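Working notes for the structure below.
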Amino acid sequence: MSTSTPLVHAVIDGTTIELAPGHSVAAALALLPPGCARTSVTGERRAPFCGMGICHECRVLVDGRQRLACQTLCTDGMVIDTRGQPQGGMP
């Protein structure tokens with residue numbers, strides 16, 4: 001008898017990944033090279049840095065809404081976009 005927990009499927013920039021439940025979006029980003037969250041206004045790729053929601057370097061679009069990757073848990077069917085440019089401040 002198997003007691004395994006169902007995996008969570010998320011899509012990052014068009015690539016589907018499988019994760020164990022409880023992974024943050026930042027952890028999911030780290031699994032796919034180059035592990036970045038967004039592109040700065042000067043064109044530099046940015047990655048999660050502080051891991052506690054202070055630096056905002058991990059801003060991504062999750063299901064079309066701006067979120068901090070380090071503060072967001074992956075859920076089944078979640079769509080994460082690191083190529084879109086989140087506009088405005090955090091909700």
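Each value in this text was obtained by applying a stated rule to the coordinates, not by laboratory testing. The model shown is predicted, which means the values in this text are computed figures rather than measured ones. So basically every Cβ, Gly included, is an ideal-geometry build from the backbone, and we count neighbours across all protein chains shown.
Close amide H pairs (under 5 Å, H built 1.01 Å from N) link residue 59 with 69, residues at least 5 positions away or on another chain. Here the Karplus curve 6.51 cos²θ - 1.76 cosθ + 1.60, taken at θ = phi - 60°, turns the phi angles of region 55-63 into couplings of 7, 6, 5, 9, 4, 9, 9, 10, 6 Hz, with x standing for Gly and Pro. A cysteine counts as unpartnered when no other cysteine's C-beta lies under 4.7 Å of its own; in the chain this applies to 36, 58, 70, 74. Each label was represented as a point 7 Å from its Cα along the Cα-to-Cβ direction; for residue 11 and residue 31 these points are 1.6 nm apart. Amide H contacts for residue 24 (H built 1.01 Å from N in the peptide plane; partners 5 or more residues away or on another chain; cut-off under 5 Å): 74.
Which whole-number percent is the relative contact order of the chain (Cα, under 8 Å, 6+ apart)?
Reported relative contact order: 32 percent.
Couplings 3J(HN,Hα) of region 22-27, computed from phi: x, 6, 7, 4, 4, 5 Hz, in residue order, whole Hz [Karplus 6.51 cos²θ - 1.76 cosθ + 1.60, θ = phi - 60°; x for Gly and Pro].
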